[in-house]
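Comments concern the structure below.
The values are calculated or read from the model by the stated rules, or taken from the named source; none is laboratory data. Bear in mind that the values here come from a model prediction, so they are computed numbers and not experimental data. Every residue, glycine as well, gets a Cβ built from its backbone with ideal geometry; the counts of neighbours run over all protein chains shown. All accessible areas refer to the heavy atoms of the entire protein, side chains included, with ligands and DNA or RNA removed. Shrake-Rupley method; radii C 1.70, N 1.55, O 1.52, S 1.80 Å.
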Amino acid sequence: MSRTEKGAKFPAGARSPRSTSGRHVSRGINRTRLKGLIRKEMYQIIRDPSSIGIAFVLPVILLLIFGYGVSLDAKHVPVAVVIDKPSREVSDFISGFRQSAYFRPVIMNNIKEAEHAVMTREVDGIIWFRSNFGRQMFLEGNAPVEVILNGVDANKARITQGYITGVWIKWLERYALEKGVRLRMPATVKHRIWFNASVRSRNYLVPGLIAIIMTLIGAMLTSMVIAREWERGTMEALIVTPVSMKEIIIGKVVPYFFLGMSGMVLSVLMAVWIFHVPLRGSILALTAGSALFMLTAIFMGLLISTAAGSQFVAGQIAIVITFLPAFILSGFVFDIGSMPVPIQWLTHIVPARYFVSMLQTIFLAGNIWPIFITNCLWLMGMGAFFMMVIKKKSRKRLE
Amino acid sequence: MNHEEGNNARNESLAMKKSGLCMTIEGVTKDFISGKRTVRALDNFSASVKKGIVTGLIGPDGAGKTTLMRIAAGLLVPDSGHVSILGMDSTTDFLAVQSSIGYMPQRFGLYEDLTVQENLDLYADLHDIPASKRQARYDELMNMTGLAPFTSRLAGRLSGGMKQKLGLACSLMNVPELLILDEPTVGVDPVSRRELWEIVYRQVRDENMSVLLSTAYLDEAERCQEVILIHEGIFLGQDSPEVFSRSLAGNSFMLTPDEGQKRRLQEELSHTDGVVDAIILGSKVRLVTEEPVDAHEVERRFCKNTGFRAESVPPRFEDAFIKLLRDRLKDRGEIQDSTPVSRTPVEGNPDEEVINVRNLVRKFGDFYAVRGISFSVRHGEIFGLLGANGAGKSTTFRMLCGLLPASGGHLMVAGKDLRTAGAEARANVGYMAQKFSLYPELTVVQNLKFFSSAYGLEGKYRKERIRWALDSFQLEPLKDVRSADLPLGYKQRLALAAALMHEPPILFLDEPTSGVDPLARREFWRHINALAQAGVTVMVTTHFMEEAEYCDRMVIMAQGEILAQGTPEELKARFRTDKNPNPTMEDTFIALIEKHEAEKDRGGH
Amino acid sequence: MIKKIFALMIKEFIAILTNRKSRMVLVIPPIAQLIVFGYAASFDLNNVPYAVYNEDPGQASRELLARFEGSRAFKLVRTLDSDGDIAPVINLKEALIVLHIGPKFSENIRRNQPAELQVILDGRNSNTALIALNYVHSIVMDFNQAWSARHEGHVPPARLVVRSWFNRTLNSHWFIITGIVALLTLVVTIEITAMSVAKEREGGTFDQLLVTPMTPLEILIGKSLPGFIIGTLEATFIMFMIVAWFHIPLRGSILAMYVGLSAFLLSAIGIGLMISAMSVTQQQGLMGAFLFLVPSVILSGFATPIENMPEAVQAITYLNPLRYFLIIVRSIFMEGASFSLLWPQYWPMALIGILSLATAGIMFRRRMY
């Protein structure tokens, strides 16, 4: 049978559903249409590896890279130890370094060798006991232990300096106990670091990372998929049907919201199980906050896609305006309070800022409602603003 | 909508019914800003579409067809003027318009990762068709389009023609009163094209639907009951196609030149006063004159240097369209009597096989794009590779150019396999890629400079060739325009110029005329004819069946196989019947495909 | 051969520079990023908000607290009256630190008994907390020294004399800003090259190019040179800004810097072209560039030290050209390092560059479908 003949079996009497086919025009939301749109989007998500990739694979990869790659906990810092004239006190001092997990002391023969090791980055610093150290210690006290640090990485140098001071103070205490003297140490510092007593940088980096990754994913998913509809011409076919723009937007937001939230769940599970970050706040607060943030990020993505004509441009914009700002200006690693005031203002328009603060609090400090609510309000404000702009910008037009 | 407005609309709609119009376009103007320039897509355009017939919107690419249809569907807002559909204004009342029309954009937005059924469901949902009526409608549409066996297949896996039919089915979901189709047959193979037309006719017949359909294929105009002609955004005329062609009754002739003289004859005729159009059709030349004359006078008056016999033939719609376009250009003083490109003759023996392909195979994974094809091209021939999209012609082409390794078989171009031969071997070949691939940011002259250097031209010779290109293709006035801003016809010229910079003895052309208007296409073929005349071997792919007539010999491909090869006459002669004594290339193609399918079915049992 | 390469290079330049958008991409983001990074990305703290709960009426505590008030690093936000106030102040992030001085602080000091200053820190960002704690320590140490000098007693047997080389004030801006030279140069170069082949593929011109008698090597060189030249100019501009605007000393040899830059650009271009040659559309090129850039910035030592990473991750960083160039830039800027010291950084980049360029060249012809 030829293809044309197949068409001939047209039931001649079958009248079409023309009269009942919803000729009425409604500007509200029609449930059938919305259901159809959401179902369509779901099928597409399931069948399109790229949206699954962005929602699930990207967070896993990024969390692994960041989680393992970004750490500010210096351990086993290699330091050169130069002892011009060995003595019992010096060995005792050095043993303090040997016992500390923070250091890996390397004994060097002379200061020249140690200096060279600093230049070639074999060691990060030098601890130098000059030949008159022992004599001065007994005669006058206050004998200088010279510490030379490589200041190129100032943050690391400062942390190392703190560790060295700690070793020194311990040594002094030991020394005093042994000799039975009371040292002149007027004030001592006793510190308690709340929420993260063991000072694991991962505990705060991982929640921050989740915020950054979710910004990227929320914005990228939506901006790319809408741009894709324009690019493939499906949008043109869609908008000439009686569907309203509201329905199209809700039809996009709902499925990608759930997709993004699944990515979020995955990230939280990884944080707790792989990176052992304590989760002290309530799951409910975490869910509510994440949902709010996800909506804001998706609205941002929608806005990007309205501005960008193609997937290519949308992807580019999404990466530029979400990733770097979220990384630098969200307070994720760099303290916002220490930035110049104009830049502090700038951070207020970075949605990730609020999510970082919210997540770090919920994970490490627990339910601190005033903080939670303030951040939620900011997010709501931003989300509402984005929504308004989208509403104003998106019309059922090609221009 | 308040009561009074509703009444008004109803009154207007009544008025329309009386007048028998379903769409009126009044003084529509639309500008687009592209870069620094403003492009006028529609210029004070007025026309109307009658109820219950198929109206064709005919014009070349870039004429403003799509813009007009988008305005009608409420997707664009005109700068001035308005479009009224079934009594509703398509700008202010677009939601109402959109629920009464069916609209199929150029590349119908099928969701390729949804199945046929899921696509149907989506559009049924969007039109809010009650569940009780759905199944009947689905069955109806699937039977009509012949897609019933494929409902669970992903739309992306359908062939081009099937996709187009599914798109049509989706836009017919709510049985619209007016169906707007934007170039529904572009890139579709002739068999599917015929089926699409069947469906459209059926809607008009059974549902009393009105159809507005745009196309750049001039032969399709004759299938419409009425046509609206558009060129550069301007209304050129509206009437039934017969009225247009009738105006040229007695002006059309088929000339049979002496053996081997067809190109010379056509070239000479093109220069002659009083000639509207002269094109090669196989071994013959079709002539359209300014004034009606009889066949004997044609033999006496035109072209004294070349011998031929003339016989009168009925006019075609295309003849009238070409005349209209020419007259327009002439009025504006833009018609240039150009000479085709000059080329130093290429030495060679006419029997020498310049391109030789034996048992060529190309696999992509499990899929055979090319299944063991063989053919050869002789010196100075224009050789065509014909087939629908996806027939394997581009794959074959890319293998010949050395852009793609073959999976099996043997191929030679000028005695070498370009894939393995040294870079110098490629200097023998000129290549014009699909879509006129030029560097969009570079100006005309920068493009020419770049390509001449890339082909290794130097010094004085390079300067001469750039000058030659600017002169022969009338690019001089546009030489500092960025190629992205060139009109399509000029892009085509520039692309050809770039491919000819190094005077290659072999020329590869991949879909060289797609999208350009009929005049530009004619000019292009004049250049190609001149090159072939000088002994250049030309290999060309096309999905325009009519263009096959320019070829000396050709192969017709489908599904990676060669269905037939030979001269256009030989191929057409195979399907000459009493019912159809003069089959067109398209008839031939359809017959070949049907025969092939029948053989395959038999083989399957 | 040279003329063909030159023509291709000129064409690439025109393509990059005539488009206003792509011109902007080369100028605006680097400047914006330089400013934002330069001012925002710093581990140094200032105006750390702190609260004081002082139960001690004595003079010693007042003297100690005066030192905090006088420090630019700290900013007093609240004075607390009871123990119960501490938790809310920290929880709500009003203060990062609470200094708690017990009732007997001054008395203990006078009587040469251990006197404790209790410091409570918000550990939600533990790095910030640690840095702040270090500041507290150094203020207390200064206080102790001053107090001891005035009041006699046993002197501790030893003291630390800390000097930091290359960056005397331990200003972490220096570390980040010098890193930006490498970071931005990488981003710009990858951006230019990762799209270049993909864009031509998409537009169909790459076929056109492959059909000309140009060899893959010529195409490779012609496509590399613009990235090389633009990358060099961009790096030079940023280095100039670093010296002129941020006043960071350039101590080492400029020649050594440019040798390093060349090797770095070679590797960046190679990787960019490789990404480009593997992708069919610009979109894929963009994703490829992103998927390369993010890990390579994180695993480079740009913001956080490589030594803190797990061993396996550290091993991966050896494949990252940014790792080597960061060391070169920082060593030359701050340490004034010499050629011979940097040799171990030069050759891996050159090797990565050559291998990736070769791969790109092969991919040009391979990946044609």
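Structure values in brief
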| item | result |
| --- | --- |
| Residue in the range B:87-105 that is charged (D, E, K, R), within 8 Å of chain A (Cβ to nearest Cβ) and either in contact (Cβ under 8 Å) with a residue 40 or more places away in the chain or in a loop (DSSP other than H, G, I, E, B) (or both) present | no |
| The lone exception for C:LEU99 - which of (1) farther than 20 Å from C:ALA66 by Cβ; (2) more than 7 Å from chain A (Cβ to nearest Cβ); (3) not in a loop (DSSP other than H, G, I, E, B); (4) not acidic (Asp, Glu) it fails | (1) |
| Index of the failed condition, B:PHE45 passing every other in (1) touching a Phe, Trp or Tyr at 6+ places or on another chain (Cβ under 6 Å); (2) at pLDDT below 90 | (2) |
| Enumerated helices (runs of 4 or more DSSP H) restricted to the range C:1-91, each holding at least 1 residues that are of a type in the set (D, E, K, R), modelled with pLDDT of 90 or more and under 30 Å from C:THR236 (Cβ atoms) | none |
| Condition met for C:ARG111 (more than 7 Å from chain A (Cβ to nearest Cβ) and of a type in the set (Lys, Arg)) | yes |
| Qualifying residue in the range B:202-216 (condition: of a type in the set (D, E, K, R) and over 20 Å from B:CYS22 (Cβ atoms)) | no |
| Odd one out for B:PRO583 among (1) assigned to a loop (DSSP other than H, G, I, E, B); (2) of a type outside the set (A, V, I, L, M); (3) over 27 Å from B:ILE322 (Cα atoms) | (3) |
| In the range B:55-113, residue nearest to B:GLU226 (Cα to Cα) [restricted to those that are open to solvent by 10 Å² or more (accessible area, probe 1.4 Å) and basic (Lys, Arg)] | B:ARG70 |
| Total residues in the range A:316-336, condition under 26 Å from C:ARG124 (Cβ atoms) and either open to solvent by less than 10 Å² (accessible area, probe 1.4 Å) or not in a helix (DSSP H, G or I) (or both) | 10 |
| Pair list, Cβ < 8 Å and 6+ apart or interchain, from the range C:321-345 residues that are part of a loop (DSSP other than H, G, I, E, B) to residues that are among the charged types (D, E, K, R) | C:GLY336/C:ARG251 |
| Residues of the range C:205-251 classified as under 19 Å from C:VAL181 (Cα atoms), away from chain B (no Cβ under 14 Å) and in a helix (DSSP H, G or I), total | 18 |
| Any hit, the range B:191-210, residues being in contact with a helix residue (DSSP H, G or I) (Cβ under 9 Å, 6 or more places away or on another chain), modelled with pLDDT of 90 or more and crowded, with 24+ Cβ neighbours inside 10 Å | yes |
| Residues within the range B:241-275 that are surrounded by 16 or more Cβ atoms within 10 Å (Cβ to Cβ) and without any contact (Cβ under 8 Å) to a residue 24 or more places away in the chain, tallied | 1 |
| Of all residues in the range A:87-104 being surrounded by 15 or more Cβ atoms within 10 Å (Cβ to Cβ) and farther than 26 Å from C:ASN308 by Cβ, the one that is modelled with the lowest pLDDT | A:GLU89 |
| Cβ pairs under 8 Å, 6+ apart, first in the range B:475-499 and over 18 Å from B:ASP61 (Cα atoms), second basic (Lys, Arg) and in a helix (DSSP H, G or I) | B:LEU475/B:ARG493 |
| Failed criterion for B:SER132 (all others in (1) surrounded by fewer than 22 Cβ atoms within 10 Å (Cβ to Cβ); (2) more than 8 Å from every other protein chain (Cβ to nearest Cβ); (3) over 19 Å from A:ASN30 (Cβ atoms) hold) | (3) |
| Unique match (being without any contact (Cβ under 8 Å) to a residue 40 or more places away in the chain, away from chain A (no Cβ under 13 Å) and open to solvent by less than 10 Å² (accessible area, probe 1.4 Å)) among B:THR151, B:THR215, B:THR185 | B:THR185 |
| Single condition B:VAL175 does not satisfy, out of (1) within 7 Å of chain A (Cβ to nearest Cβ); (2) in contact with a strand residue (DSSP E or B) (Cβ under 7 Å, 6 or more places away or on another chain); (3) over 22 Å from A:GLU41 (Cα atoms); (4) not aromatic (Phe, Trp, Tyr) | (2) |
| Check on B:SER437, more than 26 Å from B:LEU563 (Cβ to Cβ), buried (at least 19 other Cβ atoms within 10 Å of the Cβ) and in contact with an Asp or Glu (Cβ under 9 Å, 6 or more places away or on another chain) | yes |
| For C:LEU326: the one exception among (1) open to solvent by 10 Å² or more (accessible area, probe 1.4 Å); (2) closer than 21 Å to A:ALA74 by Cα | (1) |
| Filter result (among the hydroxyl-bearing types (Ser, Thr, Tyr) and more than 11 Å from chain A (Cβ to nearest Cβ)) within the range C:47-77 | C:TYR50, C:TYR53, C:SER71 |
| A:ILE298 within 29 Å of A:ILE319 (Cβ to Cβ), within 14 Å of chain B (Cβ to nearest Cβ) and surrounded by 23 or more Cβ atoms within 10 Å (Cβ to Cβ) | no |
| Any hit, the range A:194-210, residues being in a helix (DSSP H, G or I), away from chain B (no Cβ under 14 Å) and open to solvent by 20 Å² or more (accessible area, probe 1.4 Å) | yes |
| Search result, residues across the range A:127-155 that are more than 24 Å from C:LEU170 (Cβ to Cβ) and either more than 7 Å from chain C (Cβ to nearest Cβ) or in contact with a His (Cβ under 8 Å, 6 or more places away or on another chain) (or both) | A:SER131, A:ASN132, A:PHE133, A:GLY134, A:ARG135, A:GLN136, A:PHE138, A:LEU139, A:GLU140, A:GLY141 |
| Residues of the range C:116-150 classified as open to solvent by less than 10 Å² (accessible area, probe 1.4 Å) and more than 7 Å from every other protein chain (Cβ to nearest Cβ), total | 1 |
| Residues within the range B:450-478 that are facing chain C (nearest Cβ under 7 Å) and among the charged types (D, E, K, R), tallied | 1 |
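Yes/no matrix, rows are residues, columns are (1) open to solvent by less than 10 Å² (accessible area, probe 1.4 Å); (2) acidic (Asp, Glu); (3) touching an Asp or Glu at 6+ places or on another chain (Cβ under 7 Å):
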site: C:LYS223; (1), (2), (3): yes, no, yes
site: C:THR232; (1), (2), (3): no, no, no
site: C:ALA235; (1), (2), (3): yes, no, no
site: C:ILE242; (1), (2), (3): yes, no, no
site: C:GLN282; (1), (2), (3): no, no, yes
site: C:LEU291; (1), (2), (3): no, no, no
site: C:LEU299; (1), (2), (3): no, no, no
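Listed here are the residues, each with its yes/no results for (1) modelled with pLDDT of 90 or more; (2) farther than 30 Å from C:ALA132 by Cβ; (3) more than 10 Å from every other protein chain (Cβ to nearest Cβ).
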position	(1), (2), (3)
A:PHE275	yes, no, yes
A:LEU303	no, yes, yes
A:ILE321	no, yes, yes
A:PHE327	no, no, no
A:PHE332	no, no, no
A:ASP335	no, no, no
